[in-house]
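Since every read-out is calculated from the coordinates, none of them should be taken as a lab result. Being a predicted model, the structure only gives us computed values, none of them experimental. Note: ideal-geometry Cβ built from the backbone for every residue, glycine included; neighbour counts use all protein chains shown.
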Amino acid sequence: MSSLGEAIIHFAVDLFQQIRQSEKENIFFSPLSIMSALAMTSLGAREHTASEIQKVLHFNEIAENKRKGTTVDPVSHRVEKPGYIHHQFQNFLTDLKKSTDAYELNIANRLYGKKTFLFLQAYMDNVKKFYLASVESADFDNAAEESRKMINSWVESQTNEKIKDLFPKDSLGSMTVLVLVNAVYFKGQWCQKFKKENTGEEKFWLNKDTSKSVQMMKKIDDFNFTSLEDMQVKILEIPYKGQELSMMVLLPNEVDGLQKLEDQLTAEKLIEWTSPQNMRERQVNLHLPRFKVEESYDLKTTLGALGMVDAFSEGKADFSGMTGTRDLVVSKVIHKSFVEVNEEGTEAAAATGVETVGYSVRIPDRFHCDHPFLFFIKHNKTNSVLFYGRVSSP
């Protein structure tokens, strides 16, 4: 594994496989956002706590690769040093923060520590430098409710007011020591918008016996497309304006085919299936439901199941790189995300005439998302997954 992009895909699939064990229908989260927030804590983690976090985030594999290709003394790559991986994050987050009229993307990361803890200046400088984030103090002892409201209102301001009440009432108190906050907001415009007059009511099959009515968007256009015969799955790429980001949709051939796909899904397969050499431009008759998903996750148990245990355990957690002492423990990791998919987009200048009769000689491939599917939104240059989700009931 050589890049941050690959690490994010591995982490995305790991997280998804944990989250899908819950009974939730729709799933939506940002592996990049969660990963950057956890990487911020890994900067201040030491010894076993650090190696656990790095293993869960697949950082150790990137470091191994980097080490193999370099003659630098391995000691200089010790986990305490904000090394290669943090520089990769710095470059990536800086790249994503560049203003563009093609999409809105805001990743908000912040650490809130109990007022009585003094954070080391070196740690605060590194968090700011590598993760464009800040460390704030909060009075969880005497003003837990005010602190909760302060954190929630910051998140709301960072996410176009789409994410409200990240922390519910009474979720923070005098036992809270360190809260890791990350929220993400995304709104993209398609390269080629769907015409609203083509959207109409259609059935979406929740399973073989049950359907519901949804607003189905429709268009015939050229897309990057592949069909995996062995998996009985089709994959389609829908680019956003500017072509920097794309939505990849994984649609099982059968109404109830999603479980088989999920059971066999690995990061390696996902990378291979969606690689440019595996996709071909084809004319496709696309039906995609309008959908809006807002999800909230308490990731403490999930991360524990993946192997990040010491960070949450009193007596074992070692965040001495943050405070100089070993009395800090992560209390909560809450993630909330929001996505809305509709017809909107800006028509590219070259788009004139895509629906002319000249195309009708070819029979377009059918890609009707009228039953549960997976999707992810990726940053094309770095092949990094920004968002990952499942739509079982739009």
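By the rule of a C-alpha distance below 17 Å, with chain neighbours fewer than 8 residues away ignored, the lysines paired with Lys381 are Lys97, Lys98, Lys241.
Among the GluC sites (Glu not before Pro) within the stretch 156-199, those in coil by DSSP and having at most 13 neighbouring Cβ atoms inside 10 Å are Glu161. At full extension, His368 and Gln189 could sit 62.4 nm farther apart than now, given 0.36 nm per residue minus the alpha carbon distance.
Pairs from the list Lys169/Lys196; Lys115/Lys164; Lys212/Lys332; Lys164/Lys193 with a Cα-Cα gap above 32 Å: Lys169/Lys196; Lys212/Lys332. On the basis of the beta-carbon distance and an R0 of 35 Å, Ala143 and Asn253 show a calculated FRET efficiency of 0.05. Within the stretch 282-317, find all residues whose amide N lies under 17 Å from a label point positioned 7 Å from the Cα of Asp165 along Cα-to-beta-carbon. Inside the label zone: 294-298. Once the Cα-Cα distance is subtracted from the 0.36 nm per residue extended length, the Lys203 to His87 segment shows a gain of 37.0 nm.
Label point of Asp263 set 7 angstrom out along Cα-Cβ; within the stretch 21-42, amide nitrogens under 15 Å from it belong to 21. This structure gives volume of the Cα convex hull per residue in Å³, computed directly, and of (i) 303; (ii) 171; (iii) 148 that value is listed as (iii).
On the principal axes of its alpha carbon atoms, the stretch 146-241 extends 55, 34, 30 Å, with the longest extent given first.
Distance between the C-alpha centres of the stretch 145-212 and the stretch 2-57: 19 Å, rounded to the whole angstrom.
Principal-axis analysis of the Cα atoms of the chain puts helix 121-131 at an angle of about 10° to the longest axis. For the chain, averaging the sequence separation of C-alpha pairs within contact (under 8 Å, six or more residues apart) and dividing by the residue count gives a relative contact order of 25 percent. In this rough spin-label picture, where each label sits 7 Å from Cα along the Cβ direction, the Lys97-Glu314 distance is 3.6 nm. FRET efficiency for the Gln121 to Thr325 pair, using the beta carbon distance and R₀ = 22 Å, is estimated at 0.90.
Show me, for the stretch 299-310, the HN-Hα J-couplings you get by feeding each phi into the Karplus relation (A = 6.51, B = -1.76, C = 1.60, θ = phi - 60°), rounded to Hz, glycine and proline as x. Values, residue by residue: 8, 4, 5, 4, 5, x, 5, 7, x, 8, 10, 4 Hz. Report summary: the helix-based calculation at 222 nm, which adds -39500 (n - 2.57) for every DSSP H run with n ≥ 4 and divides by the residues of the chain, gives -8500 deg cm²/dmol.
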